[in-house]
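The values are calculated or read from the model by the stated rules, or taken from the named source; none is laboratory data. Quick caveat, the model's predicted, so the values are computed rather than measured. Glycine also receives a Cβ, built like all others from the backbone with ideal geometry; neighbour counts cover every protein chain displayed. Keep in mind that these areas ignore ligands, DNA and RNA; they rest on the heavy atoms of the full protein, side chains included. Shrake-Rupley method; radii C 1.70, N 1.55, O 1.52, S 1.80 Å.
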Amino acid sequence: QVQLVESGGGLVQPGGSLRLSCAGSGKIFSGYSMAWYRQAPGKQRDLVAYITSGSSTNYANSVKGRFTISRDSAKNTVYLSLNALKPEDTAVYYCNAGSYASGFYRPDNYWGQGTQVTVSS
């Protein structure tokens, strides 16, 4: 079992920055690939970025060059740095633990509770 707790969301102006954290506990955190998803009101939950157990990363086209995912296995924590934020980045951001194979991230059923990011002037 893996428990995940997100933090770091908030209200920020367009062009601003935030850093989200996801603290994990339970089973061996470092063996999992980790991902951030987001869900805006009335929309599906979309993959934003993932990082493999070997620290390879991949990003959705909409955030490439603006967001950075990283992990600190010693602290059982994965981060998402959000820069140059836009109103369309407004969503609840969720952390997920899963696996990576054949070029695809596969989410397991380990989700945090989510953290709200609101980009507005």
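None of Arg38, Arg71 is without any contact (Cβ under 8 Å) to a residue 60 or more places away in the chain and either surrounded by 13 or more Cβ atoms within 10 Å (Cβ to Cβ) or assigned to a strand (DSSP E or B) (or both) except Arg71. Of all residues being in contact with a strand residue (DSSP E or B) (Cβ under 9 Å, 6 or more places away or on another chain) and not in a strand (DSSP E or B) in region 87-102, which is most open to solvent (accessible area, probe 1.4 Å)? Just the residue, please. Going through the qualifying residues, I end up with Glu88. For region 1-21, the set of residues classified as crowded, with 21+ Cβ neighbours inside 10 Å, at pLDDT 95 or above and more than 15 Å from Val63 (Cβ to Cβ) consists of Glu6 only. Of everything in region 109-121 that is touching a residue at least 12 places away in the same chain (Cβ under 8 Å) and over 14 Å from the mean Cα position of the chain (by Cα), the residue that is surrounded by the most Cβ atoms within 10 Å (Cβ to Cβ) is Val119. When the test is whether a residue is under 22 Å from Ser73 (Cα atoms), touching a Pro at 6+ places or on another chain (Cβ under 9 Å) and hydroxyl-bearing (Ser, Thr, Tyr), Tyr32 does not pass it.
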